[in-house]
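One structure is given here, and the rest of the page talks about it.
Coordinate-derived values only; no laboratory data. These figures come from a predicted structure and were not determined experimentally. Note that we place each Cβ from the backbone using ideal geometry, even for glycine, and neighbour counts take in every protein chain shown.
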C-alpha cells in the first residue's frame, strides 16, 4: 500500500449479512482503519444523527457508511463524511421502480440502457443520500445522478465513484474528495 492520503477510502468486505454480526464487524473494521493512521482505540460509541445516519461520538476523524446486499456486508471509511452503497442485481421490475422513484432523466436512461444502469443509478443516489445523512427521507426524484445519458462523477460539491468490482453487483462511494480506494477482505 502506498503512503496513506487524507482522502483515501477503505472499504471492508465481509461475506454474509447476519445482522447479529454488525456491531462486532463495525468495531473490528473501525479499529483497523484508525490503526492505519496511528490511532489506537478499543471501542467506538455509535450514535445516530437527526435522520438516522450512524456516527461515532468520539469521531476522531473516523467516518463510515455501511451497506449490505446479497452475500456481502461492507463498510466504507473516510476521514470526512462518506456515503456508500452496494446492490446485488436481482430479477425485479426495475422499469416500474425507476418510473416511481427516479428523476425523469434517470428513468429515460434506464429505459434505454437496462437493468445494470438501474442498479448503478440506485447506488449513486443512495450513496449520496447517505453522505448527506438523509437516507431515503429525501425523495429520489428530487435530484439526478445522470447527465447526458451517463452517470455523473460529481453531484453538487461531492464526488461519486461508481465501481464495477464484482459481476452482478453495483457499488458507489460518495465523499467530498476521494484519492484512492482500497478494498480489504474481512471475515
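So the values come out like this:
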read-out: Computed helical MRE - 222 nm, the chain, DSSP H runs ≥ 4 contributing -39500 (n - 2.57), nearest 500; value: -8500 deg cm²/dmol
read-out: Choice from 160, 26, 111 showing the highest fluctuation, given a GNM over the chain with Cα pairs closer than 10 Å; value: 111
read-out: Folded to 0 to 90 degrees: helix 104-113 orientation relative to the chain principal axis, Cα; value: 80
read-out: Theoretical FRET efficiency, 1/(1+(r/R0)^6), r = Cβ-Cβ of residue 40 and residue 165, R0 30 Å, to 0.05; value: 0.50
read-out: Rg and Dmax of region 9-185, Cα atoms only, in Å; value: 16.1, 50
read-out: The chain: relative contact order in percent, alpha carbon pairs under 8 Å with at least 6 residues between; value: 28
read-out: Segment residue 101-residue 57, extension gain: residue separation times 0.36 nm, minus the distance between their alpha carbons; value: 12.5 nm
read-out: Sorted by Cβ neighbour density within 10 Å, fewest at the top, the residues 9, 62, 145; value: 62, 9, 145
read-out: Spherically averaged projected area of region 9-73 from its Cα convex hull (nm²); value: 4.7
read-out: Folded to 0 to 90 degrees: helix 22-36 orientation relative to the chain principal axis, Cα; value: 70
read-out: Two-site label geometry, residue 7 and residue 21: point separation in nm, points 7 Å out along Cα→Cβ; value: 3.4
